[in-house]
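Below you'll find the structure, written out as structure tokens, and then a few comments.
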DNA sequence: GCCAACGTTGGC
DNA sequence: GCCAACGTTGGC
């Protein structure tokens, strides 16, 4: 079982949109490093945190499930599409996507500010300077740590994420 | 294969 | 809206 963190701008597509539609193609990935990870490591049934970027505040807002292995991103073939890439040949697609399914929305966001303060996450690319990956793998320890804190916040019903 | 120009990401 | 960081492009 693999664990991931995937970023999206809530103005474009947020956790509430995913909850409403249930399943959504995660398309528009135009970064080779991310594509390779999706192609080589991402498996059906993997879990991913949904991260809101360019949000106020940015942070982790819920969980989704990877529905299939990577397959060609047809958006790249559509000249009308925002993510059109004329260099992607339908006979040899350059870009891939997966479908993701809504799993859970947290009551409270785990903010980037809080995530940055956690020693357990010091090695996560998310909190490293200059990181630009929109999809990144998490270790099982990192996943468990984040999930435990998301749950703890829910049972408390509060927004306080002070390091205890 | 170098590297300057340019585009994008994403926090602030 | 600004801008630091980084990836990509393309001339040479």
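Residues in segment A:1-35 that are without any contact (Cβ under 8 Å) to a residue 40 or more places away in the chain and surrounded by 13 or more Cβ atoms within 10 Å (Cβ to Cβ): 2 in all. Screening residue A:25 on (1) within 15 Å of DNA strand B (Cβ to nearest atom); (2) closer than 17 Å to residue A:82 by Cβ; (3) in contact with a helix residue (DSSP H, G or I) (Cβ under 9 Å, 6 or more places away or on another chain) shows it passes everything except condition (1). Yes or no: segment A:115-137 includes at least one residue that is in contact with a strand residue (DSSP E or B) (Cβ under 8 Å, 6 or more places away or on another chain), within 12 Å of DNA strand B (Cβ to nearest atom) and more than 19 Å from residue A:34 (Cα to Cα). Among the residues of segment A:115-137, at least one is in contact with a strand residue (DSSP E or B) (Cβ under 8 Å, 6 or more places away or on another chain), within 12 Å of DNA strand B (Cβ to nearest atom) and more than 19 Å from residue A:34 (Cα to Cα), which makes the answer yes. Search segment A:36-68 for residues being within 13 Å of DNA strand B (Cβ to nearest atom) and over 16 Å from residue A:124 (Cβ atoms), and hand back the single one that is surrounded by the fewest Cβ atoms within 10 Å (Cβ to Cβ). This residue is A:56.
Of all residues in segment A:69-87 being touching a residue at least 12 places away in the same chain (Cβ under 8 Å) and touching a helix residue (DSSP H, G or I) at 6+ places or on another chain (Cβ under 6 Å), which is surrounded by the most Cβ atoms within 10 Å (Cβ to Cβ)? If we take residues in segment A:69-87 being touching a residue at least 12 places away in the same chain (Cβ under 8 Å) and touching a helix residue (DSSP H, G or I) at 6+ places or on another chain (Cβ under 6 Å), then A:70 is surrounded by the most Cβ atoms within 10 Å (Cβ to Cβ). Taking segment A:88-99 as the range and being buried (at least 18 other Cβ atoms within 10 Å of the Cβ) and within 16 Å of DNA strand B (Cβ to nearest atom) as the test, the residues that pass are A:88, A:95, A:96, A:97. Applying the selection to segment A:128-146, what residues are surrounded by 15 or more Cβ atoms within 10 Å (Cβ to Cβ) and farther than 16 Å from residue A:66 by Cβ? Within segment A:128-146, A:133, A:142, A:145, A:146 meet the criteria. The set of residues in segment A:135-152 being away from DNA strand C (no atom under 16 Å from the Cβ) and closer than 17 Å to residue A:116 by Cα consists of A:138, A:139, A:141, A:142, A:143, A:144, A:145, A:146, A:147, A:148, A:149, A:150. A single member of A:30, A:132, A:94 is closer than 30 Å to residue A:152 by Cα, assigned to a loop (DSSP other than H, G, I, E, B) and either away from DNA strand C (no atom under 14 Å from the Cβ) or at pLDDT below 95 (or both), and it is A:132.
The values are calculated or read from the model by the stated rules, or taken from the named source; none is laboratory data. Predicted model only: the values in this text are computed from it and were never measured. Every residue, glycine as well, gets a Cβ built from its backbone with ideal geometry; the counts of neighbours run over all protein chains shown.
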